Amino acid sequence: EQLIIEDSVEFLPAEGKLQARLPFIQSPEDNLLPNRRIAEKVLESQLKQTSACEQKRLDVIASHEKLRSKGYVRPLSELTAAEQASILEETAGTYYIPWRVVHKEGSLSTPTRMVFDASSKTPGGESLNNCLAKGANTLANLNGKLLQFRSQPDCFAADIRMAYNGVSLHPSHYRYQLYLWREDLDPDSPVIVMVVMTIIYGVRPSGNQLGAGLGKLADYTVEFYPQH
């Protein structure tokens, strides 16, 4: 599974970005059965929660807008005609990720945020996460990372906030990362289909894919820019 995950990520030098496909270990066409109705029910439950507290509603909208303004998520209607046709094609599976509101008291940056639940099972089928490779736990512990940082002649530090969103999802896999939204969380607004265009928290291999991508970026840098 770890090899599948590492092979699912590539660095595109000409575009200066990392791109990933979802590392399936089970056929999405056979196992991801239609689940839009479940996503609709979860959306309505979240609308009820946010409508009961204006500040909560505004916080969720702000969290969503942070993703949208950076192009990490987009309405399906804004994609190219070919991309829309590929997503809506009936012969292949799709998956709507239900999202919920999570509150984290004491957090200054994101006290309220959306959490994507890719472990939600489809009716009579599997969840997205159950169809994806998990791989090995490759996250280094802090002590090990600190020792590595201090034991080499050179090192550098960088801010990788919202790092998952720095890895683009291959357009052929947009269909597996859809979710439902109502503008301004207004119950009277029409339901629109949104597309997550990067890897995202809540999807099982995202952390592992990020690590694999950063490793490939480092290997490319060492090979082509050794003097740096």
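Numerical summary
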item: At R0 = 25 Å, FRET efficiency that the Cβ-Cβ distance of LEU147 and LEU3 yields, to 0.05; result: 0.35
item: Lysine pair number, Cα distance threshold 18 Å (strictly under), the range 15-171, separation 8 or more or different chains; result: 7
item: Relative contact order (%) - criterion: Cα under 8 Å, at least six apart; region: the chain; result: 32
item: The range 1-106 - percent of accessible surface contributed by carbon and sulfur, probe 1.4 Å; result: 50
item: Computed accessible area, LYS216, all protein chains, 1.4 angstrom probe, square angstrom; result: 70
item: For the range 85-228, share of DSSP beta bridges that run antiparallel, in % to the nearest 5; result: 90
item: Rh by Kirkwood over Cα pairs, then Stokes-Einstein D for the range 17-166 at 1.306 mPa s and 10 °C, µm²/s; result: 85
item: Chymotrypsin sites (Phe, Trp or Tyr not before Pro) restricted to DSSP loop in the range 133-228 with at most 11 other C-beta within 10 Å; result: PHE156
item: Value at 222 nm in deg cm²/dmol, rounded to 500, when DSSP H runs of n ≥ 4 in the chain each add -39,500 (n - 2.57); result: -10500 deg cm²/dmol
item: Given 15 as the ceiling on other Cβ atoms within 10 Å, longest exposed-site-free region of the chain for GluC sites (Glu not before Pro) in DSSP loops; result: 106-228
item: Å² per residue, accessible surface of the chain at 1.4 Å; result: 57
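The values are calculated or read from the model by the stated rules, or taken from the named source; none is laboratory data. Keep in mind that this is a model prediction, so the values were computed, not measured. Counting neighbours? That spans all protein chains shown, and the Cβs are built from the backbone with ideal geometry, glycine included. For the accessible areas, the whole protein counts, side chains as well, though only heavy atoms, and no ligand, DNA or RNA atoms are used. Shrake-Rupley method; radii C 1.70, N 1.55, O 1.52, S 1.80 Å.
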